[in-house]
Amino acid sequence: MTSVTISVRHMNPTIDLLNSHRSIRRFTETPVPQDVLTTVITAAQAAASSSFLQGVTIIRVTDMDKRVALRDVANGQRYVEEAPEFLVFCADLGRSMRCCELHGGEAAKGLTEQFIIATVDTALYAQNLVVAAESVGLGICYIGALRNDPARVTEILDLPQQVYPVFGLCLGYPDQDPEVKPRLPVSVVMKENSYSTAGEAQAIAGYDEDMRAYYAARTDNQKAQGWSEQMAGLLGREGRPHMLEFLRSQGFITR
Ligand SMILES: Cc1cc2nc3c(=O)[nH]c(=O)nc-3n(C[C@H](O)[C@H](O)[C@H](O)COP(=O)(O)O)c2cc1C
């Protein structure tokens, strides 16, 4: 499998670009030119979209008071304030519902399926933007920590019903060159014809060793931990249990 990975890795510049992704948390002060921003957002819009709903709205946050407020929601992560650009990606059913009403229909609301469609659209759109941005030398960091207090984000950005903030994105020219973080072996994530956990424990143990070596050697934020231990920390507690109530208050997943 390794030899396949290596030969694919060098196959073309797009695959090289994808394989060289790493989150950037320190940016130069160089602004992102407007035409570059427009180009990467246009590329984002080319993403596939379930039922062609195009269920996403991006809020570009240039008001520094709002940036500071969003940084505070995100545990004070300073790059939310410092990045030349900060975008909030919102799943948006409202626009399509207004179109439904425009044509005399009454939109069905609160369906879990609609929530999945809009959330998936938003993620695909964002990742297209990320790849486009990285292809022109920009660095990015997603900010899921906006969901620490999504009601506050909704208030800061005046989000209406049927719209919710999925995550933020810091964007700018990198002022650091962090190492690429190893991913799970393909054998762990890809199965053939049916789900199986055969060989999983051994492969993950090997990956834990790779991750320990990565964390021990990396420049910033060194730690002694494998990946599976991280999962124990992550899933061993209730992360953001307020989300269900919040989503319902915005008109999502009531049925
Ligand atoms: C939806 C999403 C939310 C994330 N939220 C945060 C965040 O709030 N803060 C942060 O520093 N990194 C955040 N990250 C970045 C991940 O920690 C990072 O992608 C992961 O550790 C892999 O590292 P890499 O991107 O450098 O390869 C987020 C990533 C995703 C996809």
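The values are calculated or read from the model by the stated rules, or taken from the named source; none is laboratory data. Values in this document were obtained by computation on a predicted structure and should not be read as measured data. Here the Cβ positions follow ideal geometry from the backbone for every residue, glycine too, while neighbour counts run over all protein chains shown.
Annotations
- Screening residue 121 against (1) within 16 Å of the ligand (Cβ to nearest atom); (2) over 28 Å from residue 241 (Cβ atoms); (3) not small (Gly, Ala, Ser) leaves a single unmet condition, (2).
- Restricting 128, 148 to those that are within 13 Å of the ligand (Cβ to nearest atom) and of a type outside the set (Asp, Glu) reduces the list to 148.
- Number of the condition not met by residue 163 [criteria: (1) away from the ligand (no atom under 15 Å from the Cβ); (2) surrounded by fewer than 20 Cβ atoms within 10 Å (Cβ to Cβ); (3) modelled with pLDDT of 95 or more]: (2)
- Taken over the range 71-124, residues that are aliphatic (A, V, I, L, M), under 19 Å from residue 250 (Cα atoms) and buried (at least 22 other Cβ atoms within 10 Å of the Cβ) amount to 5.
- The C-beta contact set for the range 172-185 (first residue closer than 16 Å to residue 142 by Cα, second residue at pLDDT 95 or above and more than 12 Å from the ligand (Cβ to nearest atom), distance under 6 angstrom, 6+ apart or interchain) comprises 172/27; 172/84; 173/28; 173/30.
- Listing of helices (runs of 4 or more DSSP H) fully contained in the range 27-135 that carry 3 or more residues being not charged (D, E, K, R): 34-45, 64-73, 94-102, 112-135
- Of 219, 197, 154, all but one fail to be in contact with a Pro (Cβ under 9 Å, 6 or more places away or on another chain) and either within 12 Å of the ligand (Cβ to nearest atom) or farther than 22 Å from residue 64 by Cβ (or both); the exception is 219.
- Taken together, the criteria exclude residue 183 from residues that are assigned to a helix (DSSP H, G or I), within 16 Å of the ligand (Cβ to nearest atom), among the basic types (Lys, Arg) and under 19 Å from the mean Cα position of the chain (by Cα).
- Only a single criterion out of (1) crowded, with 16+ Cβ neighbours inside 10 Å; (2) free of Cβ contacts under 8 Å to residues at least 24 places away in the same chain; (3) within 13 Å of the ligand (Cβ to nearest atom) is not satisfied by residue 67, namely (3).
- Test result for residue 15, within 16 Å of the ligand (Cβ to nearest atom), modelled with pLDDT of 95 or more, within 20 Å of the chain's Cα centre (by Cα) and loosely packed, with under 13 Cβ neighbours inside 10 Å: yes
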